[in-house]
1. Just the residues that are closer than 20 Å to Val310 by Cβ and surrounded by fewer than 15 Cβ atoms within 10 Å (Cβ to Cβ), please, taken from the stretch 216-245.
2. Answer yes if at least one residue in the stretch 84-102 is modelled with pLDDT of 95 or more and touching a Phe, Trp or Tyr at 6+ places or on another chain (Cβ under 6 Å), and no otherwise.
3. Checking the structure you have, find out if any residue of the stretch 120-136 is in contact with a Cys (Cβ under 9 Å, 6 or more places away or on another chain) and open to solvent by 10 Å² or more (accessible area, probe 1.4 Å).
4. Looking at (1) touching an Asp or Glu at 6+ places or on another chain (Cβ under 7 Å); (2) surrounded by fewer than 24 Cβ atoms within 10 Å (Cβ to Cβ), find the lone condition where Arg201 falls short.
5. Does Gly222 count as over 14 Å from the mean Cα position of the chain (by Cα), of a type outside the set (A, V, I, L, M) and at negative phi?
6. What number of residues within the stretch 152-175 are open to solvent by less than 20 Å² (accessible area, probe 1.4 Å) and of a type outside the set (Lys, Arg)?
7. Restricting attention to the stretch 138-151, and to residues there that are touching a Ser or Thr at 6+ places or on another chain (Cβ under 7 Å) and of a type in the set (Ser, Thr, Tyr), which single residue is least open to solvent (accessible area, probe 1.4 Å)?
8. Of all residues in the stretch 11-30 being outside any helix (DSSP H, G or I) and aliphatic (A, V, I, L, M), which is most open to solvent (accessible area, probe 1.4 Å)?
Amino acid sequence: MKKALITGLTGQDGSYLAEHLLSLGYEVHGLVRRVALEDPQRRFNRIAHLLDRLTLHPASLESYPSIFHVVSRHEFDECYHLAAQSFVAESFADGFSTMNTNINGTHYLLAALRELQPQCRFYFAGSSEMFGKVKETPQKETTPFHPRSPYGISKVAGFDLTRNYREAYGMYCVSGILFNHESPRRGFEFVTRKISSAVARIKHGQQSELCLGNLEAQRDWGHAKDYVRAMHLLLQQEEPEDFVVATGESHSVREFCELAFAEVGLDYRDYVVKDEKFYRPAEVESLLGDSKKAHAALGWQPQYTFPQLVRDMVHNDLAEHLRRASDYGDIGNVIPRGNPEVQPSLDHKLPFAA
């Protein structure tokens, strides 16, 4: 049985990846921040249905000793490094923390693996934000990077660190340059989930308008379930290589709004308001990925279409709002939970390793 370590296990990608690896017969371990113990009902909601099948290790990306401690006590076949400060707007507000977490955390993990388990295959979660001010369209593995945010800069640094450990030390280290991927488990701070959640609240009479920034920004949006399959495939190749993972289709924020509101029979123009405070200091206008290499070498293809993605998010948020209304009686005063797909109790003991 293969053993995998996932950082960012409690996030959107980590939860879907854990499901996928478990379905393949893996033993799955995950790093979680100790702060999660203070509010497990909320912070573990995406993996609540998996807890009896996972092994959790308290650790922090800002602490090399905590990472070293975990890697020194358990032998892993694969390591998926997904944890990061991943919200672009927050990276502008606090670039120092973004750099510290994203760059040092990647370096600490790579250094610990090199010291203790150089045979462990390592996956780094790259991002289309590394392309930023794009040099060509569509973007592929050879397209130069020009990041336009502290987050994008930190991801370029992580990409370079990963490549350096591959080239300098002969380790199996690869990066997946993943374009935007969403799901019902997306955080509420991201624009897609902001839209789908607002549609549900507006439909239920709990919200009257939705304030957004640049409606013309173009993104290559896929479903996170498809993208975690690609992550696994990247670590199964004979030789380590980096891959772009994308749908190859570009859609605007306006298109996302139009489809999302149409799912509940509404016209987005009656509710969406542009607000310049949501514009980035340095805007990335358009991102579009070329995944021909992944199609040919990995045999990977996305299974969800853009309309299916939007529909999945909207209908899950509609169902979640109905559940909250039933549970609490006042839908408007309940804090949204992170995963409307599953909400079992977390009253049982959490599976922390010794």
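1. Residue satisfying the conditions is Glu216 alone.
2. Pass one, the stretch 84-102, residues modelled with pLDDT of 95 or more: none.
Checking the stretch 84-102: not a single residue is modelled with pLDDT of 95 or more and touching a Phe, Trp or Tyr at 6+ places or on another chain (Cβ under 6 Å).
3. First, the residues of the stretch 120-136 that are in contact with a Cys (Cβ under 9 Å, 6 or more places away or on another chain): 120-124.
Narrowing the set further to residues that are open to solvent by 10 Å² or more (accessible area, probe 1.4 Å) leaves 121.
The answer is yes, given that some residue of the stretch 120-136 is in contact with a Cys (Cβ under 9 Å, 6 or more places away or on another chain) and open to solvent by 10 Å² or more (accessible area, probe 1.4 Å).
4. Unmet for Arg201, out of (1) touching an Asp or Glu at 6+ places or on another chain (Cβ under 7 Å); (2) surrounded by fewer than 24 Cβ atoms within 10 Å (Cβ to Cβ): (1).
5. On the way: over 14 Å from the mean Cα position of the chain (by Cα): no; of a type outside the set (A, V, I, L, M): yes; at negative phi: yes.
When the stated conditions are applied, Gly222 does not pass them.
6. 10
7. Top of the filtered list is Ser149.
8. At the first step, the residues of the stretch 11-30 found to be outside any helix (DSSP H, G or I) are 11, 24-30.
If we keep only those that are aliphatic (A, V, I, L, M) as well, we get 24, 28.
Values: Leu24: 88, Val28: 1 Å².
My answer is Leu24.
The values are calculated or read from the model by the stated rules, or taken from the named source; none is laboratory data. All figures in this text were calculated on a predicted structure; none of them were measured in a lab. We place every Cβ from the backbone using ideal geometry, glycine too, and count neighbours over all the protein chains shown. Side chains are part of the model used for accessible areas, which takes the heavy atoms of the whole protein and leaves out ligands, DNA and RNA. Shrake-Rupley method; radii C 1.70, N 1.55, O 1.52, S 1.80 Å.
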